[in-house]
Amino acid sequence: MSQLKKAKAAFDLINWNRFRFWFQMSCFVLLVYGGYLGLDLGKHLPTFSCIYNTEARGGACYLSILQHQMAWPWQKLFSVAALTILTGFLTFAAWFIAINKLWCGLICPLGTVQDWMTALRRRLGVRYGRYTLGQFRVLAQIKYILLALMFLIPLGIGAGWFHKDWGLPFCMICPARMIIPAFDLNFTNWVVDFSTTPKMILSSLGIVVVGLFFVGIFIKKRFFCFFCPMSAFLYLISKPALLTLKKDGDKCTRCGDCYTVCDMDIREIADEVKNPRIMMDDCTLCLKCVAACPEPGALKANYAGITFFEATEAGFIKRSQKGIGLEQPKR
Amino acid sequence: MNSPNAKTVALPYNRSRQAREAETMLDHLTDDFDDNPAAMAYFYDLFRRAYCKGESLEREGVRVGTTCIHAPEELIYAMGATPVRLCNGSYHYDQVGADFMPAKSCSLVKATLGMLSSENVIPKVGKLDLIVNPTTCDQKKKASAMMAGMGHQVYDLELPPAKESEQARVYWQRSVREFAQQLRSLTGKKLTRKNLMAAMARTGRAQAAFRTLHNFRRKSPSVVLGKDVFLITNAYFFDDIERWTEAVEKLNAELVQRDKDGFCAAQKKAPRILFTGSPPIFPNLKLPLLVEQSGGVVVADETCSANRMLYDMTAVDEWLVNDMVDSLADKYLKPCTCPIFTNNDDRIRRLLELAKSFAVDGVVYQAFAGCQVYEMEQRSVAEALNKEGIAMLYIETDYSPDDMGQLTTRIEAFLESLKSRKRKRA
Amino acid sequence: MNYFAGLDIGSTAIKVALVGEDGKIVGVHVSSSGSLFHKNAKEALQNLLTKLGVDKDDVRYLIATGYGRKLFKEADDSISEITANAIGAFEAGKAFGGVRTIINIGGQDSKAIQIDDTGNVSNFAMNDKCAAGTGRFLDVAARTLDIDLEELGDYHFNGKGAPLTINSTCTVFAESEIIGLLANGHGKEEIIAGIHYSIAKRTVRLAKRVGIEDRVYFDGGPALNKGLVAAIQDELGRELVVPEYPQTTTAFGAAMLARSEFMAEQGLEKA
């Protein structure tokens, strides 16, 4: 036990950003190139490991199969066959519940790509942009609309209201469809599909979104995550998740350090002092806030009730001095 | 002053009223207590030299006076200038200020303006190139024009009246950026990533040292007395930051040893006091001194001459100038528990947390007569504390020493009641 | 025989109380403070002992309290007058069925104290700095009106008209206000009643700050003034418990504490 405690104390001192960088890098390799290593985690992953990355992927994003299933003709959808959907969903949920939105902050390949772009921008000395609170409130709604459409359009196809070429509507406009396969030098999706009108519209929209993605990510950290329907979906089912972000409001001085470093501009992380469950819908559980918090125990990352990473004064000072590039002088 | 007929009698500085005021306080701080930490000698000596002997603390380069904790010192240091906190605790200057200030204004503002209107001021920090006056309370706001009238160059750093809204945050960030611009035109230096990082590292190190000291005060029985900690944080107002940090680190090292040796700075049963409200500023350490002379020990504080000034540290996400400046702005606004802000639940939460984590027996709340915001907030703070079973003593006072007798009675009675309360619980 | 003494060295008067082992008052003494606190306090103690015929060595424990407590080095211990007052009132109040709130008006300060059911101070408030609403205020008023302090009470009840309103809270300003009222032909009686109500209002505000509970005990020199008692009762809306010797409650409290300290020490020695 004391061994475990020691390990945790050491982990609390970790240079979180560096740790996270290498962790993300490893996950990226596994998910984007895992196929070449014989890795297959199935098609129900709660993260944007794109299914269009056909050969190289080490597992696929659940949204693709979900949209596909939603577009089943209604007779099939409302029959015993739907059990397949249920088991699929349960697999997806199981993956998710294990580590909550850590899928977003530490694993999602599209998130990692965004972080790399952010790092590039930072190297160039360009500062990031921020939404005003008003914009933020509006933009934060878009992901729910996308999530709803992602269900409704395929259901409409199954009902026969829409042409089947409207299938996989979200995948068609998801930037991962073009960006992730590109890492395997697969550019087949970087074209407008002129075969049918719906396909043309969707694929053109997809290109526009990718364009916006590249512009946006140069201005705003984690630009796409604000709109991500997966993020919305995961938040909706996050209640039973084993990994949780907890805040002890009594210990918080509202200094705003966590808010300052938050890629998602989540104000509540600094200002909410009553609700201990602090994971807001946009949260990606990158846990940068925990690393940036100087108040011992004010922010904690728990797994099944056991704290594995928490804010400590020593950790904060160590990390901030590292950031400045000046270590504490030795005495 | 310059008229040829006027002859000033050269009174030796150390016989002046203000020097003797400082000396009396220092004598009490050192002589009324046994076993002061050896490392405190640096601070005792610093104050004796600066206040009693009138030695110069003049610095090279541009000097920027600040009238509140809200002026980001990192920006001032980054541009090669030196900040000096002007908030004054001298009864002598309080009297000087009373000559031209309304009778009901608070001692701190009166003393600060009294000092600024005088010649040969103590501590001798040299001619100020600029005074940054954050627009905090009404009295400080109006002091701005008065200071300008005395011939000082004053910059109003605009602080929002509320701190919780996002507008306030954005407004303040803009204020701080403009302040950086102002400093640039004053110093002719550009704010760069490098010089700001260096400045933040220096302040960060000082804060880390303060936090270590702060944490020692959790120990029971205490290893260090509150009067010493207030003196240390008061030195931060004008001392060289690096020298200050080293002195605090040295003290911390001594406290580690004291703790190992099982040393007690106060009696085991000494009531543990949390100090809040108007700031004790040297030489007006009247109240903390009385508490500790009467057998209590001040184990924590929530004042802008100590904890509020040094506790909260800055986190930065991207070490680019803009991001650093915004992060600094956040640090100087968001965690501030000054009662000037419309809504100040944070102060109550902070007090409750300090009371809990420092095993506090009672709270002493000082309000300078005339400081309306502290006076008004007293009620809600007392209610919140009493609800948690923590007794609070509210004291309205000023810099004059003439209520010492009455205050002693009240403080002793308070400590006696805390003791009997404690006995009853045990 | 063992005796225990409480010495309350106040700003205007020095009060001594002596209690026996049974906790009963043996005797009290009040004399003026003058400017030589220490000397006068010693004399006051000696006077009482002589009067009672008690040998100095039989006083086993002495606790000093009041403004000048620190100067009296002969004391075994010292305690703040608030705590002493609380103990004294708690003990004395038992005869009245117990008290929880104490109002004390002294020479230069006024206090309100709340005690719990064991006699411990749970809250207290004190006037800030200025002498308004204290014994000094009455002093000044009596002098201005050219009557004896002891007569104030009689004048209070002899007024024909309603008590006048004294607006000034400051002792110095009140003095000139009183002169103004006299000049306007108002009677001393109405003015005095007005002064009493003015003090009563301030005192009751102080008491409300600590919270008024149960029976209210009123002590200190001015409690001898029946007019003031009536005015406070009026403002408070309830009866006051006024002890026989209101001036010496605090000294009595100190003596009672001296007694229990001595007992505790004895107990320790025996054990």
If you fit an axis through the alpha-carbon atoms of helix A:109-123 and take the longest principal axis of the Cα set of chain A, what angle between them do you get, 0 to 90°, nearest 10? 50 degrees
Residue by residue through A:254-267, how many Cβ atoms from other chains fall within 10 Å of the Cβ on average? 6
Structure-based [θ]222 nm, chain B - -39500 (n - 2.57) summed over DSSP H runs of at least 4, per residue, nearest 500: -16000 deg cm²/dmol
Which net charge results when you count Lys and Arg as +1 and Asp and Glu as -1 among the other residues whose beta-carbon is under 12 Å from that of residue B:186? +2
Cα-based shape type of the stretch B:141-249, given that a ≥ b ≥ c are square roots of the gyration tensor eigenvalues and the cut on a/c is 1.5: prolate
Which residues does a label at residue A:29 reach in the stretch A:178-193, if reach means a backbone N under 18 Å from a point 7 Å past the Cα toward the Cβ? A:183-185
Compute the helix-to-body angle for C:226-236: its Cα long axis versus the longest principal axis of chain C, expressed 0 to 90° and rounded to tens. 80 degrees
Can you give me the distance in nm between label points at residue B:342 and residue C:260, each placed 7 Å from the Cα along the Cα-to-Cβ direction? 5.1 nm
Counting every C-alpha pair in the protein assembly as shown, the percent lying more than 58 Å apart is 29 percent
Listed residues B:145, B:78, B:235; largest mean-square fluctuation, Gaussian network over chain B with Cα springs below 10 Å, found at B:145
Quick one: Debye curve from the alpha-carbon atoms of the stretch C:99-238 only, equal weights, vacuum; give me log10 I(q)/I(0) at q = 0.11, 0.21 Å⁻¹ to two decimals. -0.37, -1.22
Distance cut-off 26 Å, percentage of C-alpha pairs in the stretch B:169-315 lying past it: 35 percent
Would you tell me the mean number of C-beta atoms belonging to other protein chains that fall within 10 Å of each C-beta in C:22-29, as a whole number? 0
Distance (nanometres) between label positions extended 7 Å along Cα→Cβ at residue A:212 and residue C:151: 9.5 nm
I need the calculated FRET efficiency for the pair residue C:186 and residue B:359, taking r as the beta carbon distance and R₀ as 41 Å, to the nearest 0.05. 0.10
Output the peptides B:194-206, B:292-304, B:148-160 sorted from most to least packed, where packing is the average of other Cβ atoms within 10 Å over each peptide's residues. B:292-304, B:194-206, B:148-160
Kindly identify the stretch B:14-425 as rounded, prolate or oblate by the Cα gyration tensor criterion: order the square roots of the eigenvalues as a ≥ b ≥ c, call it rounded if a/c is under 1.5, otherwise compare a/b with b/c, prolate if a/b is larger, else oblate. rounded
When all C-alpha to C-alpha distances in the stretch A:203-331 are sorted into bins of 10 Å, what percent of pairs does each bin hold, rounded to whole numbers? 12, 35, 31, 16, 5, 0, 0
On a 0 to 90° scale, report how tilted helix C:81-93 is relative to the longest principal axis of chain C, with both axes built from alpha carbons and the result rounded to the nearest 10. 90 degrees
Among A:162, C:251, A:229, whose Cα sits farthest toward the positive end of the charge dipole of the protein assembly as shown (+1 at Cβ of Lys/Arg, -1 at Cβ of Asp/Glu, about the Cα centre)? A:162
Ordering of B:310-322, A:199-211 by packing [mean C-beta count within 10 Å, highest first]: B:310-322, A:199-211
Relative contact order %, chain A, counting alpha carbon pairs below 8 Å whose residues are six or more apart: 19 percent
Using the Cα centre of chain C as the reference point, and only Cβ charges (+1 on K/R, -1 on D/E), how large is the resulting charge dipole? Debye, rounded to the nearest 20. 440 debye
Let me check I've understood the local charge: for residue B:393, count other residues with C-beta under 12 angstrom from its C-beta, Lys and Arg +1, Asp and Glu -1. What total comes out? -3
Before rounding to the nearest 500, sum -39500 (n - 2.57) across all DSSP H runs of length at least 4 in chain A and divide by the residue total; then give [θ] at 222 nm in deg cm²/dmol. -15500 deg cm²/dmol
Which entries of A:221/A:251; A:247/B:356; B:53/B:227; B:141/B:334; B:260/B:424 show an alpha-carbon separation above 26 angstrom in the structure shown? A:221/A:251; B:260/B:424
Counting only DSSP beta bridges fully inside chain B, the antiparallel percentage to nearest 5 is 5 percent
Where both residues lie in the stretch C:99-238, what percent of DSSP beta bridges are antiparallel, nearest 5? 70 percent
Could you pull out every Cys in chain B that lacks a partner Cys with its beta carbon under 4.7 Å away? B:52, B:68, B:87, B:137, B:264, B:304, B:336, B:338
Taking all pairs of distinct Cα atoms, average 1/r, flip it, and tell me the Kirkwood hydrodynamic radius of chain C in Å to one decimal place. 19.0 Å
Rotationally averaged projected area of the stretch A:25-235 (alpha carbon convex hull; nm²): 12.5 nm²
R0 of 51 Å, Cβ-Cβ distance residue A:13-residue C:73: FRET efficiency to nearest 0.05: 0.35
Rounded to whole angstrom, the alpha-carbon centroid of the stretch B:56-113 lies from that of the stretch B:293-359 at a distance of 20 Å
10 Å Cβ neighbours from other chains, averaged over peptide B:115-123: 0
Asserting the computed 222 nm helical MRE of chain C (DSSP H runs at least 4 long, -39500 (n - 2.57) per run, divided by residue count, to nearest 500) equals -14000 deg cm²/dmol
Relative contact order of chain B: what whole-number percent is it, with Cα pairs under 8 angstrom and at least 6 residues apart? 17 percent
Based on the Cβ-Cβ distance of residue A:83 and residue A:145, what FRET efficiency does E = 1/(1 + (r/R0)^6) give at R0 = 25 Å, to the nearest 0.05? 0.25
Mind ordering A:24-37, A:259-272 by average Cβ neighbours within 10 Å, highest first? A:259-272, A:24-37
Paramagnetic reach from residue B:24 in the stretch B:404-422 [backbone N under 16 Å; point 7 Å along Cα→Cβ]: B:404-408
Cα-projected label distance for residue C:205 with residue C:160, points at 7 Å along beta-carbon direction, nm: 3.3 nm
Evaluate the relative contact order of chain C (contact order divided by residue number), counting alpha-carbon pairs under 8 angstrom at least 6 apart; express in whole percent. 25 percent
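Laboratory data are not the source of any read-out in this text; all were calculated from the coordinates shown. Because the structure is a prediction, the values reported are computed rather than measured. Here Cβ is always computed from backbone atoms with ideal geometry, including for glycine, and neighbour counts include all displayed protein chains.
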